[in-house]
Amino acid sequence: MELASSPDPHLREVVRFAVCCRALTLLLQALFNLLIPDHTADAFSPPRLSEPGLWDLLLERLLGGLSHWDAEHFLFIAEHGYLYEHNCAFFPLYPLSVRAVAEGALWPLQRLLRLRSRLLLSAVLLNSLFSVLAAAALYKLGCVVLQCRRVAFLAAVLFSISPANVFMAAAYSESMFAFLAFSAMWQLEKGQSWLSGLLFSLASGVRANGLINAGFFLYSRGKRFALQLQVGSGSVRKFPLLCKQLLSVASSAVLMCAGIFLPFALFQYYAYVRFCGPGTGLEQTVPTPLLQLALDKGYRLAAVNGANPPWCSQRFPVVYSYIQDTYWNVGFLRYFELRQIPNFLLALPVTLLSSWAAWTYIIANPRHCLTLGLERRKREQEGKPRAGFCGPAVFVYAVHATVMLLFGFFCMHVQVLTRFLGSSSPLLYWFSAHLLQEYEPLLCSEGTEHQTAAPRSEKSFLGKSPGSCGKGASANPVVRLLLSCRSIAPLSKCVLGFFLSYWLLGLILHCNFLPWT
């Protein structure tokens, strides 16, 4: 990815702003962690097996707010492996990466910091890097899909103040997943199918919802085949040639999708061997405090003699779905209870914004949506596809986001929708940028001379530089709007208010073990 050497001033500003936001995030969470006492939460909190040293205590004071809630699971897996059954809800690529950095790049610090502290530091450094790279990948993806560099730039800048910001900084897998998913989408749009497939496959080793990304490959291959059938003057195509093309498209789609599903399948097989195989006396090697925790909380240990878990006897033993069902009560409409109304209210902004985005696209492109984008349009034949959020290439991303929204709303703990969509779908940022660009007078007044630059050929952009610190900082549209917050349109205040309020509240609440999204 061209970062430091890129001639594109917008990309440099995206990276610069992302670095600044990440630094500010770490500073604020340390401040809130020092000023606000931690809430005593009923969450996974394994005992520490060794007494912390002075440097460990200092690091905990500075970065401890990023190790709460699910972060405890990731750090525990990185340190002890998949010891407890419910740990298998968290996929292995992220904790493996955290452990690799802790044992590799941070190895010189082993005399100063215990392994647990090095793992926390490793997670924070990795997520800082991944979040910056994800912002750059989102910008590149937006340039290709939107055909509008200005909106792509604004969307990438908004990503740096994402409502899911705290999960991009904490020891969660969201930043790594966002980087891999956005990069894979970008490579697929560029025609780099094999590299895209590799990145999508890695993403499915980070989070389970990476499996949904197989839809991008299926759609890409299906659309290419459908458009090929429409090329020409209507002459009857030879049947053998048609069969050959269909076989080629189907085989490549199946192969790529198999690669995306492979990490998930391998992990389920690993869990089956570990928890359903014969007992190996592993309890003799598990530290006593962790054994006692399992007894106190009812956690199932791996490879311990005794009855196998119920999921082991299923026809398709998938531990992931069993854990979601048994430990977290995840299922269709299970969260629709009166006592969950506050959580539905937490998810309301992202639900409304995503629904509005889908509706806007459908209204702007009714025929395109009815034909699933498989019909060759006149503007596309002339080589002038519509630019911006309502362009034809956005269709598959709108479908992707809508499927995730519906699944998350009806089948998951609804409060996680903000980070679920914020780390997986570019549509949230594209539509927010579209609203600001279309309805904010301060941005509309900049003109449209660069609206339809040709990003698909990656031509250099000759517009005004976004600038850097000092005088040029106002060229960053988000900074400009914040500096003029009293005079911006009400819609802009709502969009930026949602992003910034969740950005800040997440740091205050999550980092002190208080309930958040």
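Cα centroid separation, region 161-185 to region 31-99: 18 Å. One decimal place: the segment ILE363-LEU247 gains 38.2 nm when fully extended, by the rule 0.36 nm per residue minus the C-alpha distance. Modelled spin-label separation between LEU514 and GLN314, with each label point placed 7 Å from Cα along the Cα-to-Cβ direction: 3.7 nm. Applying 0.36 nm per residue to the separation of ASP38 and GLN340 and subtracting their alpha-carbon distance, the gain on full extension is 106.4 nm. Lys and Arg at +1, Asp and Glu at -1: add these up for the other residues within a Cβ distance under 14 Å of LEU112 and post the number. Local charge sum for LEU112: +2. The P(r) of the chain has a tail past 42 Å containing 22 percent of all C-alpha pairs. Residues in the chain average 46 Å² of solvent-accessible surface per residue, probe 1.4 Å, ligands and nucleic acids excluded. Taking amide H positions as modeled 1.01 Å from N, with prolines and chain starts lacking one, no residue 5 or more places away or on another chain lies under 5 Å from TYR84. The slack in the chain from THR288 to CYS444, taken as 0.36 nm per residue of separation less the alpha-carbon distance, amounts to 49.7 nm. For the modelled label position 7 Å from the Cα of ALA208 along Cα-to-Cβ, which residues of region 87-106 have backbone nitrogen atoms closer than 19 Å? Counting backbone N atoms under 19 Å from the label point, the list is 87-96. Residue ranking by accessible heavy-atom surface, 1.4 Å probe, largest first, among LEU246, LEU35, LEU119 comes out as LEU35, LEU246, LEU119. To the nearest Å, what is the center-to-center distance of region 384-425 and region 106-146, using C-alpha atoms only? If we compute the Cα centre of each part, the gap is 25 Å. Cβ-Cβ distance of ARG486 and LEU352, R₀ of 30 Å, FRET efficiency by 1/(1 + (r/R0)^6): the value works out to about 0.75.
Paramagnetic label reach from VAL330 (point 7 Å along Cα→Cβ; backbone nitrogen cut-off under 19 Å): within region 16-45, residues 43-45. The lysine pair count for the chain, using Cα distances under 29 Å and pairs eight or more places apart or on different chains, is 27. In the chain, Cα pairs under 8 Å separated by at least six residues give a relative contact order of 24 percent.
What's the local net charge at SER175, with K and R +1, D and E -1, over the other residues with C-beta under 14 Å away? Walk me through the intermediate numbers first.
On the way: positive: ARG22, ARG207, ARG419; negative: ASP70, GLU174.
With Lys, Arg at +1 and Asp, Glu at -1, the net is +1.
Using a 1.4 angstrom probe on heavy atoms only, work out the carbon and sulfur share of the accessible area of the chain in %.
Of the solvent-accessible surface of the chain, carbon and sulfur hold 65 percent.
The values are calculated or read from the model by the stated rules, or taken from the named source; none is laboratory data. This is a predicted model, so every value here is computed, not measured. All Cβ positions, glycine included, derive from the backbone under ideal geometry; neighbour counts span all protein chains shown. With ligands, DNA and RNA removed, areas are computed over all heavy atoms of the protein, side chains included. Shrake-Rupley method; radii C 1.70, N 1.55, O 1.52, S 1.80 Å.
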